[in-house]
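Undergrad: Before we start, here is the structure in question, set down as structure tokens.
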Amino acid sequence: MFKNKTLRNIVLLWLAWVLIVIGFQAWAGQRMLPKRPDYARPFWTPEWTGALSQAGKPYLLEPFMNQQVCWDSEFYLSIAVAGYDDPLVTKANINLNQFDDDPLNDFQRNMQDISLSYAFFPFYPAMIWLFIWPLKLLGLNAIATATLAAVIVSALGTLLGMIALYHLAKDELQESGAWRAVFYLIIFPSGFFLAMVYTEGLFVGLAFASLALLKQRRWLGAAVLASCAALTRSVGVALVVPMGIVLLRELDYRQIKANFTRANLVRVGLTLLPLLTFLVWKISYLGQTFDIIQAAWFGRGFLELGKSWESWKYAWDQVTNSQGPSMAYHMMEMFFPVVALVACGFTFRKHPEITLFSLTVILFALFSGDIQGMYRYVLAAPSLFLFLGKLGRNEAFDRGWTIFSLLLLGMNAYLYAMDMWAG
């Protein structure tokens, strides 16, 4: 699939990127300190970005690689170190009466204070836990070891995603265009998340690699990686869409009976595997508790059209009628999903399966109920980078987009390292 030189150069680019991003975060934090608090989202970030906002959160206070942990990192590390019911993690005291009409009412009423860790999927913490074991030889404390393990998992996931994206882009964009697509991925304004204690790096690796294996008709590998992606983030279940499209495309509709072969039945089973994996998780204790925390604490859910519409109106109002951090932040949150949607329009003809997955990723985010983190979520839409890689054939666009992306990447990576809101 690759020439040795190509694979070596991708690895070298990845390694340079990891070291530069992490090194920049450490250096920039020594050069200047932010003015607190952050008013990016005026109704909640001022309270959560003060000088003492991390007090009482040991997983965010460990000095080792502290610039790579923030916000949700606390929960991933906690699950990996101590499980979902870690007493060191914040618990939500939820009024369960709001779920009176829910069919899971009896289950919910047996719950009292619920750890916020239940709002997060298990596969990324499980991979962190796996990598913790060999790293114990370094003699670091438990949180430091978990942090290093998490960054390694994220970074290796990103490397897998880069290799897979190169493969997805090469046929149409040739080698130079595939390189641009890979480069645009890691310098995207939210690309620093790929090396942080967040799920982005691992999810991009699993999802993109699943699509690349599907392109080669390696059904087992594609299904297994898609199932792992579905246990990393809920939108991973959308990988059944491209798998289903490829499966239907290979059937012979002129001879229906001829389709009932053992090989086709196996493919049907593998296509459904990510969905079945997700449904098993969904009906489990973890899945049911996830729904409660997401709805009652984080205000997110599946196709929350009303909430999403109100949130989009609020974001537009902040862009048009405010100024300062809120205006700048919401401009970014609105701009990049639009670019990703435009990208889907341009990639559908040649890459329908990739485009429909990308579109699902974007729409899941846009209609989840709250407009924050949108420019982070679109990292998992490969159509975005295929589109940018194609536009990059124009040298002026290539240089201009690179400058634009890198400036925003540096700003956001710094904000994250300083515990400010970076989406």
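Undergrad: Enumerate the residues in the stretch 217-249 having an amide nitrogen under 15 Å from the point lying 7 Å beyond the Cα of residue 268 toward its Cβ.
TA: In the stretch 217-249, the label zone of residue 268 (backbone N under 15 Å from the point 7 Å along Cα→Cβ) covers 244-245, 247-249.
Undergrad: Moving on to the next point. Under 24 Å from the Cα of residue 35, which lysines turn up, not counting those fewer than eight places away in the same chain?
TA: 57
Undergrad: Sticking with this structure for a sec: With r defined as the distance between the Cβ atoms of residue 39 and residue 5 and R0 fixed at 41 Å, what FRET efficiency is calculated, to the nearest 0.05?
TA: Approximately 0.25, to the nearest 0.05.
Undergrad: So what is the 222 nm mean residue ellipticity for the chain from helices alone, if each DSSP H run of at least 4 adds -39500 (n - 2.57) and you divide by all residues, rounding to the nearest 500 deg cm²/dmol?
TA: -21000 deg cm²/dmol
Undergrad: Order the following by accessible area, largest value first: 27, 281. Probe radius 1.4 Å; ligands, DNA and RNA are ignored.
TA: 27, 281
Undergrad: Out of residues 5 or more away from residue 92 or on other chains, whose amide H comes under 5 Å of its own, with H placed 1.01 Å from N in the peptide plane?
TA: Close amide H contacts, sequence-distant or interchain: 114, 115, 116.
Undergrad: Still on this structure, please answer the following. For a quick protection proxy, order the peptides 128-141, 179-192 by their average other-Cβ count within 10 Å, most packed first.
TA: Put in order of decreasing packing, that is 179-192, 128-141.
Undergrad: What is the distance, in nm, between label points placed 7 Å from the Cα along the Cα-to-Cβ direction at residue 284 and at residue 171?
TA: About 3.5 nm, to one decimal.
Undergrad: Rounded to the nearest 20 debye, what is the charge dipole size of the chain about its Cα centre when +1 sits on each Lys and Arg Cβ and -1 on each Asp and Glu Cβ?
TA: Dipole magnitude for the chain comes out near 1660 debye.
Undergrad: At 0.36 nm per residue, and after removing the present C-alpha to C-alpha distance, how many nm does the segment from residue 47 to residue 85 gain when stretched out fully?
TA: Stretched out fully, the residue 47 to residue 85 stretch lengthens by 11.1 nm.
Undergrad: Counting alpha carbon pairs within less than 8 Å and at least 6 residues apart, what relative contact order, in whole percent, applies to the chain?
TA: Once normalised by length, the contact order is 20 percent.
Undergrad: Given the peptides 263-275, 336-348, arrange them by the average over their residues of other C-beta atoms within 10 Å, most packed first.
TA: So the peptides 263-275, 336-348, ranked by packing, come out 336-348, 263-275.
The values are calculated or read from the model by the stated rules, or taken from the named source; none is laboratory data. Everything numeric here is computed off the predicted structure, so don't read it as measured data. Cβ sites come from the backbone with ideal geometry, for glycine too, and all protein chains shown count toward neighbours. Surface areas here come from the heavy atoms of the whole protein model, side chains and all, with no ligands, DNA or RNA. Shrake-Rupley method; radii C 1.70, N 1.55, O 1.52, S 1.80 Å.
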